[in-house]
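Enquirer: Below: one structure in structure tokens.
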Amino acid sequence: MPRTDPVLPDGLALHRFDPTGRPAAEDPRAGLFVRTVERGFYEPEPKGTALDQLLGYAHADGRTYSGVYEAGADPVADRPVGTFSGFDKPLHTGRRRQVQARLVSEVTVSPSHRRRGILRTLMETELAIAAERGVPLAALTASEATIYRRFGFGAATTVRSVEVDVRGDAALAGPVSGRVELVEPGELAELGPRLYDEAHLQTPGSVQRMASYGGHETDTIEAGRHGRDSGLYAAVHHDDGGTPRGYVTYRFAGWDTEPATIRVSLLFATTAASTRALWSFLANLDLIERVTWRGAPDDRLLEHLFVDHRRVRTTHQEDHLWLRLLDVPASLRGRAYARDGELTLRVHDRLGHAAGDWNLAVSGGEADVVPAGEAAGGRRGPDLELDVADLSGVYLGGVSAEVLRQAGRIAEHRRGAAARLAGMLAQDRPVHCMTGF
Ligand SMILES: CC(C)(COP(=O)(O)OP(=O)(O)OC[C@H]1O[C@@H](n2cnc3c(N)ncnc32)[C@H](O)[C@@H]1OP(=O)(O)O)[C@@H](O)C(=O)NCCC(=O)NCCS
């Protein structure tokens, strides 16, 4: 089995530790770690209360930091040359079912120490520890699409950036009801998380969000380019009965930007009517000619929302949530299925966690998963043969197993098996991860 005791290149040492949540003055090792992460992403290094706030969020998330140091370095005074954090949050797998995911974040390696196997050691160790603890799967969002497949991750969701031209009468196709009102961002302190949690359970592929989101929507984040007092607006939609159903936060891009633009920061709606009302509000703001959003679902809902669908333009689209199954039976049992059926999957996994022949039998939308040798009716040859990265990619149903067969990533040993798997994994709502980490 993969090692939980890492073997690092010579001259390097690993320290795994949990930030205490106390200020950097009392937890200097965690403070230096966080500053090094920010530097790794070319962000200004947080100091003072801004740094203390980030340490508080890290503790609230339950993060474990893994820092790689030069042998003999003192982690309290010397910077790590590699950083990595892991923490558990639920992933919504559809139809209000959730599985625990080990989230991986804050991955940086110092330019002087790249390509010596630091990331490989940190990742393989983290996955081995998570697997030993029985966590069904791991998840991350990637800076580049070519790094993580080698560790068994597959891209399971996409996200897009959109521009909506709201000049003139940007009419919506459907009915608009209730009212949308500007609020102080601070008023989202209790309402924001409550509405997020409900939207999360309506959106397959959503991961419970990090503690810092509370700071973003209430405009209390101290560090970074979108810190406090950088002009955040918040608006809440109430239905006709007066119940809050969704909210949006946004910033004005400034009078130097043409056309006059609003940039959506966060938008969460718990009903379709709330989505329509929030977009009607954004599209009809006085003086505003364009609305942009970098975290839009990749589901074409916005195009259908407007009478003139050409008002909506996708300016960028990329992979978003990457998943890595560690425990195949627990992961596959941890979601509901659109169709019944039985398939044998031969899974290849260089790290061993998911490798083997697995019998997936779905009845009444519930899966039973056992090693193929233990399946009722005896062993049968595999219907499909695939790498764990591709099984992880199709797991949520946002990527089609039939499409991966056509791409030559999944081998089909029984005709129609990939399409059958795709049908079983299909969701009743578009797959989207509403958060970044
Ligand atoms: C990405 C990064 C963490 C890699 O760290 P590293 O310690 O140099 O990686 P390793 O030496 O362990 O490499 C492991 C494997 O990944 C590959 N790899 C590493 N970085 C890669 C990249 N950016 N693109 C493609 N492959 C990459 C290596 O070639 C190696 O492959 P191999 O063993 O199959 O030959 C580092 O380059 C970095 O800090 N980048 C800037 C911050 C960043 O992008 N972080 C990722 C956030 S999601």
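We did not get these values from a lab; they are worked out from the coordinates using the rules stated. Owing to the predicted nature of the structure, the values given are computational and were not obtained by experimental measurement. Every residue, glycine among them, receives a Cβ derived from its backbone with ideal geometry; neighbour counts consider all protein chains shown.
Enquirer: Can you show me the helix-derived [θ] at 222 nm for the chain, built from DSSP H runs with n ≥ 4 at -39,500 (n - 2.57) apiece and divided by the number of residues, rounded to the nearest 500.
Expert: That comes out to -7000 deg cm²/dmol.
Enquirer: Then there's this: Calculate, axis by axis, the spread of Cα positions in segment 160-319 along the three principal axes, and write the results as whole Å, longest axis first.
Expert: Cα spread of segment 160-319 along its principal axes, largest to smallest: 38, 37, 33 Å.
Enquirer: Could you work out the relative contact order of segment 322-425? I mean the mean sequence separation of Cα pairs under 8 Å and 6+ apart, divided by the number of residues, in percent.
Expert: The normalised contact order for segment 322-425 reaches 29 percent.
Enquirer: How big is the C-alpha Rg of segment 149-234 next to the rule-of-thumb value 2.2 N^0.38 Å, as a ratio?
Expert: 1.43
Enquirer: Under 8 Å for C-alpha pairs, at least 6 residues apart: give me the relative contact order for the chain, rounded to a whole percent.
Expert: Relative CO of the chain lands at 18 percent.
Enquirer: What is segment 322-425 by shape, rounded, prolate or oblate, if you read a ≥ b ≥ c off the alpha carbon gyration tensor as root eigenvalues and call it rounded for a/c under 1.5, prolate for a/b larger than b/c, and oblate otherwise?
Expert: Rounded shape, in that the Cα axes give a/c under 1.5.
Enquirer: Stokes-Einstein D for segment 272-355 at 4 °C, 1.567 mPa s, Kirkwood Rh over Cα pairs, in µm²/s?
Expert: It diffuses with D of about 75 µm²/s by this estimate.
Enquirer: Something else now. Just to confirm the filter: which chymotrypsin sites (Phe, Trp or Tyr not before Pro) across segment 212-277 are DSSP coil and have at most 11 other Cβ within 10 angstrom of their Cβ?
Expert: Trp255
Enquirer: Which whole number of Å³ per residue matches the convex hull of the alpha-carbon atoms in segment 381-421?
Expert: Hull volume over Cα atoms, normalised by residue count, gives 60 Å³.
Enquirer: If the only charges are +1 at each Lys and Arg Cβ and -1 at each Asp and Glu Cβ, what is the size of the charge dipole of the chain around the Cα centre, to the nearest 20 debye?
Expert: Roughly 1080 debye, rounded to the nearest 20.
Enquirer: When the expected Rg is taken as 2.2 N^0.38 Å, what fraction or multiple of it is the alpha-carbon Rg of the chain?
Expert: 1.04
Enquirer: Continuing with this model, one more query. Helix hunt in the chain: which complete DSSP H runs extend at least 30 Å axially by C-alpha with mean Kyte-Doolittle at least -1.0?
Expert: For the chain, where a helix must reach 30 Å along its axis and average at least -1.0, there are no hits.
Enquirer: Give a quick list of GluC sites (Glu not before Pro) in segment 16-72 that DSSP marks as loop, anything other than H, G, I, E or B, with at most 12 other Cβ atoms within 10 Å.
Expert: Sparse-neighbourhood loop GluC sites (Glu not before Pro): Glu26.
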